[in-house]
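The values are calculated or read from the model by the stated rules, or taken from the named source; none is laboratory data. As the structure is a prediction and not an experimental result, all values here were calculated from the model. Note that each Cβ is placed from the backbone with ideal geometry, even for glycine, and that neighbours are counted across all protein chains shown.
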Amino acid sequence: METPLTANIQPGRRPPDIKAYRQAGGYRALREAVLKMRPEEVTQAVKDANLKGRGGAGFDAGLKWSFVPMGEKAAGPKYVAVNADEMEPGAFKDRLLMEGDPHQLIEGTALESYAIQADVAYIFLRREYHLAARLLQQAIAEAYDSGCLGQGILGSDYSLDIHLHISGGRYMSGEETGMLNAIEGRRANPRAKPPYPQVSGLWGNPTVVNNVETVCNLPHIVNNGAAWFRSLSLTAEGGTKIYGASGRVRRPGTWELPMGTPLRELVEEHAGGMQEGYRLRGIIPGGASTEFLTPAQLDVKMDFASVEAAGSRLGTGTIIVLDDRSCPVGMTLNLEQFFLRESCGWCTPCWGGLQYAVELLAGIEAGAGRMEDLDTLDSLAAMLAPGHTFCALAPGAAEPLGSALRYFREDFERHIREQRCPWSS
Amino acid sequence: MLSKEEMQEIEVEAARYETRQAAAIDAMRIVQDRRGWVSDEAVRDLAGFLDMSPAELDGVASFYNQIFRRQVGRHVIQVCDSVSCWLMGYEPLRERLIRMLGAGMGETTADGRFTLLPVVCLGACDRAPVMLVDEDLHTNIDPDQLDTILDKYR
């Protein structure tokens, strides 16, 4: 089984420097692209590879780039922003890629930039990733020194600057248009779409935002071709995926596996099943803003289309496992408290709805709930759903809330009937 | 007053963007790294340096949780309170920390040694519960080991 994304990653050891990275075949794809391929050919290869965005939404990466105005008359400068703001609760895959093989991200960023003919790329890194910041700074410096970045990359006439932007914090900074505002030195409130960032992004110029894992796939697609990339997967969506598991499983961790690996294999094989004395109650498949799946749904294939068909979303592909000794109401309260705190306050259904939902959930968990609160929570979940707000934070909050109310109704009702949390001693 | 070194570092960042305002967050980080926090005076000085009004810069500062607009202790403890850590024992960890330090979330110990803050998922969920002390990530924390962990931060 091929694991291109993690081939150079050895946990606990320093990542390859530029010399080691090049010896392993690194920067070959960038050289090939800037010297022998037209930008549109790179985009076409990514389209043919069927690379779905790994940040969570699963939007076709090549298609996203194809909306950027191209050609000599296209307005510039153009920008790339790499979303390295990994803050989705339960997600821990981009840290692995950045700490394990920073040059892979730099090369991927340069390839994406070449494809849209960007002048500048920003890697938008969350402040708390101090080790990744040091390693990326060093990798960027090495890439400049060896001609892989800067003026006339690798002897071509293409020039690119990559800058590391250290964030000031807040989950909203990882939202696509919030990130644009953050880079511009503003509050990370969302922007209305359209216009889409590919046409009007940073300072009104064409900008593409992609997630770290998405970008890390690019050197391998250019090196080995779209057909090879598609063959890595078990389903129609190309490539491998960094999956992970946290919660009361025997072996929490991350694994690079074929896209479409069944959820059951993740839980039972790679994560080693539940810890002694714990039973599986539910799974959040891809970070806080995805719907619960039940133990009856373990055979779902973990790709974007299949998890969506099962009523949730693949999201980040790092699963959160709920066990029978943790309270589902308490877990839902924790999730909604996160969304409330991180709401930027721009849209009323979000800040107001989340405030109300958290008050009701806290009341139920504390033993002061009423049965009619559940109807109110149902309607709040509907109000937070897509279509009522500028960005996806509120819809993300609605996913665990709505699904918890559905799958764990008995547990909510028991809290209210007994006027206590059955899990608290 | 901004120091010469601070101004030089900020200029390096400002050259990377189309506008000076875009360096606002970098500039506040640079000041905070040297002074521990961003005071009202620093906001006024930085605003002038970045061609912004102090109110505008403070509006940016107050949005971001990693920009400290109040003085913090010599060491900052940021405890992950997101879902995976919640499942793996965040609450007992938080209670032990508060008892040990005699300071609640958002507070600084009486001796000025530690400030305790909650933080969103630190992206190490397979090693939960976790916390950040200054720039060090501590994982798989057993509350009984907190004394040993914190001992090296004087």
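If the requirement is being of a type in the set (Lys, Arg), under 25 Å from A:Asp85 (Cβ atoms) and out of contact with any Leu (no Cβ under 6 Å at 6 or more places or on another chain), which of these qualifies: A:Arg38, A:Arg54, A:Arg22? One residue alone meets the criteria, A:Arg54.
Rundown of residues vs (1) acidic (Asp, Glu); (2) in contact with a strand residue (DSSP E or B) (Cβ under 8 Å, 6 or more places away or on another chain), yes/no style:
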{"position": "A:Ala118", "(1), (2)": "no, yes"}
{"position": "A:Gln137", "(1), (2)": "no, yes"}
{"position": "A:Ala143", "(1), (2)": "no, yes"}
{"position": "A:Gly155", "(1), (2)": "no, no"}
{"position": "A:Ile162", "(1), (2)": "no, yes"}
{"position": "A:Glu176", "(1), (2)": "yes, yes"}
{"position": "A:Pro190", "(1), (2)": "no, no"}
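If the condition is being polar (S, T, N, Q) and under 28 Å from A:Gly150 (Cβ atoms), then the stretch B:1-58 contributes B:Gln8, B:Thr19, B:Gln21. Restricting attention to the stretch A:196-235 and to residues that are in a loop (DSSP other than H, G, I, E, B) and of a type in the set (A, V, I, L, M, F, W, C), the residue that is nearest to A:Pro69 (Cα to Cα) turns out to be A:Val199.
From the list A:Gly76, A:Gly90, the one residue that fits, being more than 19 Å from the chain's Cα centre (by Cα) and within 14 Å of chain B (Cβ to nearest Cβ), is A:Gly76. Of all residues in the stretch A:28-41, exactly one satisfies the criterion of being assigned to a loop (DSSP other than H, G, I, E, B) and either within 27 Å of the chain's Cα centre (by Cα) or surrounded by 14 or more Cβ atoms within 10 Å (Cβ to Cβ) (or both), namely A:Met37.
One residue alone among A:Thr348, A:Thr389 is among the polar types (S, T, N, Q) and buried (at least 16 other Cβ atoms within 10 Å of the Cβ), and that residue is A:Thr389.
Rundown of residues vs (1) of a type in the set (Phe, Trp, Tyr); (2) at pLDDT below 95; (3) touching a strand residue (DSSP E or B) at 6+ places or on another chain (Cβ under 6 Å), yes/no style:
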{"site": "B:Asp111", "(1), (2), (3)": "no, no, no"}
{"site": "B:Leu116", "(1), (2), (3)": "no, no, yes"}
{"site": "B:Asp136", "(1), (2), (3)": "no, no, no"}
{"site": "B:Thr148", "(1), (2), (3)": "no, no, no"}
{"site": "B:Tyr153", "(1), (2), (3)": "yes, no, yes"}
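Restricting the stretch B:128-146 to residues that are within 11 Å of chain A (Cβ to nearest Cβ), touching a residue at least 40 places away in the same chain (Cβ under 8 Å) and of a type outside the set (A, V, I, L, M), the residue that is surrounded by the fewest Cβ atoms within 10 Å (Cβ to Cβ) is B:Asp134.
Within the stretch A:111-144, restricting attention to residues that are without any contact (Cβ under 8 Å) to a residue 60 or more places away in the chain and among the acidic types (Asp, Glu), the residue that is farthest from the other protein chains (Cβ to nearest Cβ) is A:Asp119. Filtered by the rule that a residue be touching a Ser or Thr at 6+ places or on another chain (Cβ under 8 Å) and basic (Lys, Arg), the stretch B:112-154 gives a lone residue, B:Arg127. For A:Glu256, the conditions (1) part of a strand (DSSP E or B); (2) within 17 Å of A:Gly90 (Cβ to Cβ) are fulfilled apart from (2). Here A:Gly25, A:Gly76 are screened, and the one residue that is part of a loop (DSSP other than H, G, I, E, B), modelled with pLDDT under 95 and assigned by TED's automatic domain parsing to the domain that holds A:Ser156 is A:Gly76. Here B:Val79 fulfils each of the conditions (1) among the aliphatic types (A, V, I, L, M); (2) within 14 Å of another protein chain (Cβ to nearest Cβ); (3) farther than 22 Å from A:Gly287 by Cα; (4) not in a helix (DSSP H, G or I) apart from (3).
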